[in-house]
1. Two decimals is fine: what is log10 I(q)/I(0) at q = 0.13, 0.15, 0.23 Å⁻¹ for the stretch 7-83, from a Debye sum with one equal scatterer on every Cα and no solvent?
2. For 17, 2, what ranking results if the residue with the fewest other Cβ atoms within 10 Å of its Cβ goes first?
3. So how tilted is helix 71-82 from the main axis of the chain? Cα-based, degrees 0 to 90, rounded to 10.
4. Report the residue, chosen from 46, 56, 24, that carries the largest GNM mean-square fluctuation when the chain is represented by alpha-carbon nodes joined by springs under 10 Å.
5. List 14, 62 from most exposed to least, where exposure is judged by having the fewest other Cβ atoms within 10 Å.
6. GNM, the chain, Cα, under 10 Å: largest mean-square fluctuation among 12, 61, 43?
7. Out of 41, 57, 26, any idea which swings most in a Gaussian network model of the chain, alpha carbons joined below 10 Å?
8. Normalised by the number of residues in the chain, what is the relative contact order in percent for Cα pairs under 8 Å and 6+ residues apart?
């Protein structure tokens, strides 16, 4: 599955990735992501996942914490983080 990073917090190392299954929330445990990076890998299953950062050509270990989130759910979570 291919997705695009739509929000990323480098200090907390977590972000949201938009893909065909909805929005995915997860934490980077190894590697690097940045806003608008394109990634490929198993985003529809919770738990640890090895993604390919298509934008950099490197692997990223990403712990998927929630998937198939709606835009409203993402906005609510971002409100908690930012507010």
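Derivation of every value follows stated rules applied to the coordinates shown; laboratory data play no part. All values derive from a computational prediction rather than experimental measurement. Cβ: placed from backbone, ideal geometry, glycine included. Neighbour counts: every protein chain shown.
1. -0.33, -0.45, -1.07
2. 2, 17
3. For 71-82 against the chain, the angle is about 80 degrees.
4. Per the Cα network of the chain with a 10 Å cutoff, 56 tops the list.
5. Placing the least packed residue first, the sequence is 14, 62.
6. In this elastic network of the chain, the residue with the biggest mean-square fluctuation among 12, 61, 43 is 12.
7. Of the options given, 57 has the highest mean-square fluctuation.
8. Values: 188 pairs, mean separation 23.3, N = 83.
So the answer I get is 28 percent.
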